[in-house]
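To start, the structure under review is shown below, and the notes come after it.
The values are calculated or read from the model by the stated rules, or taken from the named source; none is laboratory data. These numbers come from a predicted model, not from an experiment. Note that we place each Cβ from the backbone using ideal geometry, even for glycine, and neighbour counts take in every protein chain shown.
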Amino acid sequence: MFDKNTSIFFSKENLREPTTSDHPSGHTQQEVPDRLRLLWPVGKTIPYGVRILLGNGDQQTEIKYEAEITGIQQIDENNLFKIDRKQVYINETKPDLIVDQLAYEVGTVFYPLVVALDAEGAFVGIANQMTVRERWPKHKLAIRDYFEGELVDNYLNLFEDKLNDDSAINMAFLQDWFIASFFATIYKDYGHSYRLNSYFRFPNITSFAVDGYAVEQHLEGKYNHFGAITLSHQGIAHEEDHLSGESKAVGNYSACYTLHPRFRHMISLEAHYTYKDTQDTKIYIHLIPPEGQDIDYDFIDKGQSEPLIEKPTGRRFLQKLFDR
C-alpha cells in the first residue's frame with residue numbers, strides 16, 4: 001500500500017486527523033447527490049502526485065511524477081484540460097538507459113498537453129495536435145544535439161510519422177495509464193441505489209475478445225469521515241472459451257476514488273488491475289495541497305467567487321476543437 005507519510009508527494013502536516021467540522025456542512029451525515037457532475041473552476045490548476053507500479057516483487061517497476069491539471073473551458077458537453085507533466089522517475093531515478101532517455105525526451109514534446117473529455121469525464125482525444133506539431137522541429141533539433149546514430153534517426157522518423165496521424169496519437173494516449181485512470185467515466189447519474197454497472201477498458205487488456213472489466217460502481221450515499229465523496233469500483237474481466245463456449249474470468253479490477261465535495265474533482269485514486277499472466281498494475285494518484293494547507297483546505301465555500309466552467313452555445317464541439 002502507498003505510504004503517504006513517506007512519499008515524495010505528502011508531508012505529515014497534510015495528513016492531520018479530520019473532525020466533523022471539516023465537512024462542508026459541518027457534519028458527516030449529509031447525503032451525497034446521486035448524480036455526479038464535474039465542476040472544475042476555469043483557470044484552476046491542481047497538482048497531483050502520480051505513482052504507478054508495474055509487476056510484482058523483484059520484477060516490479062515504479063514510475064513517479066507530478067502532473068498539474070488546469071481547467072480551460074467547456075465546449076458543448078466536452079471539457080478541455082491542460083496537463084503539465086514534470087520530471088519522470090523510474091525506480092527513484094531519472095531515465096538512465098539511452099533508449100529510455102530517448103523515449104522520454106521525445107515524449108516531452110506533447111507537454112503542455114490539452115485533452116478533451118466528454119460529459120462523463122472520459123478521454124475524447126488530444127485537442128492541441130497542431131501546437132504539438134509546431135513544437136516538433138525545434139524539439140527534434142535539440143534531441144539531435146544530444147543523441148546520434150542510426151537507431152536515433154529511425155526512432156525519430158517513426159515518431160514523426162505517428163505525430164502526423166491524429167488517430168495514432170489518440171490511440172497512444174488511450175494506452176497511457178494516467179490518462180486511462182484519471183479521466184475515467186465516473187460523472188454519471190447513479191440513481192437512488194447509488195450503484196451502476198458498466199464496462200471499463202484499460203491499457204492492460206489488449207485482446208478484442210475481452211470487452212473490458214464488468215464493473216459495479218458504488219457511490220457512497222454519505223460523505224466520508226473528512227467530508228469527501230467516495231466512489232468504489234469492483235470489476236471482473238471475462239473471456240469466452242471458443243472450444244467450450246463458456247466464459248471464464250481472466251482479470252480483476254478494484255479502485256477507490258475520493259472526490260471533492262464541491263467541485264467533484266479527484267482528491268485521490270487507488271486502483272489495482274490484473275489481467276491473465278500480464279504484470280499486475282497499481283495506480284496511486286493524490287492531490288497535492290498548497291504548501292501549509294490540508295487536503296480539505298477548500299471544502300468549505302468561504303465566499304470566493306470562482307467562475308466554473310460554463311456551457312456555451314454555438315458551433316459543435318468537434319468543429320470548434322479541430323478548426324483552431
| request: Inspect all residues belonging to segment 90-103 and state whether any of them is surrounded by 16 or more Cβ atoms within 10 Å (Cβ to Cβ) and β-branched (V, I, T). | output: yes
| remark: Cβ pairs under 7 Å, 6+ apart or interchain, first in segment 276-304 and farther than 30 Å from Q59 by Cβ, second part of a loop (DSSP other than H, G, I, E, B) and at pLDDT below 80, ordered by first then second residue, are D294/R16; D296/P18; F299/P24; I300/P24
| said: Every residue in segment 209-234 that is among the acidic types (D, E) and either within 19 Å of H265 (Cβ to Cβ) or in a loop (DSSP other than H, G, I, E, B) (or both), please. | reply: D211, E220
| request: List every residue pair whose Cβ atoms lie under 8 Å apart, where the two residues are 6 or more positions apart in sequence or sit on different chains, the first residue falls within segment 159-188 and is free of Cβ contacts under 8 Å to residues at least 12 places away in the same chain, and the second residue, located anywhere, is among the basic types (K, R). | output: A168/K162; A172/K162
| Would you pick out the residues in segment 63-77 that are modelled with pLDDT under 95, surrounded by fewer than 19 Cβ atoms within 10 Å (Cβ to Cβ) and either not aliphatic (A, V, I, L, M) or not in a strand (DSSP E or B) (or both)? | Q73, D76, E77
| Count - residues of segment 124-164 that are hydroxyl-bearing (S, T, Y) and in a helix (DSSP H, G or I) | 2
| note | Considering residues that are farther than 17 Å from Y190 by Cβ and touching a residue at least 60 places away in the same chain (Cβ under 8 Å), the number found within segment 222-265 is 6
| Hey, D118 of a type in the set (D, E, K, R) and either within 14 Å of the chain's Cα centre (by Cα) or under 30 Å from R35 (Cα atoms) (or both) or not | yes
| request: Being among the β-branched types (V, I, T) and under 15 Å from F123 (Cβ atoms) narrows it down to one of I229, I236, I169, I267, so name that one. | output: I169
| remark: Every listed condition ((1) under 30 Å from D298 (Cα atoms); (2) not in a strand (DSSP E or B)) holds for T206 save (1)
| query | Based on what the data block shows, is T45 at pLDDT 95 or above, within 20 Å of N128 (Cβ to Cβ) and loosely packed, with under 14 Cβ neighbours inside 10 Å? | reply | yes
| task | For segment 130-179, enumerate the residues that are closer than 24 Å to V50 by Cβ and either of a type in the set (V, I, T) or touching a strand residue (DSSP E or B) at 6+ places or on another chain (Cβ under 6 Å) (or both). | result | T131, V132, I169, N170, W177, F178, I179
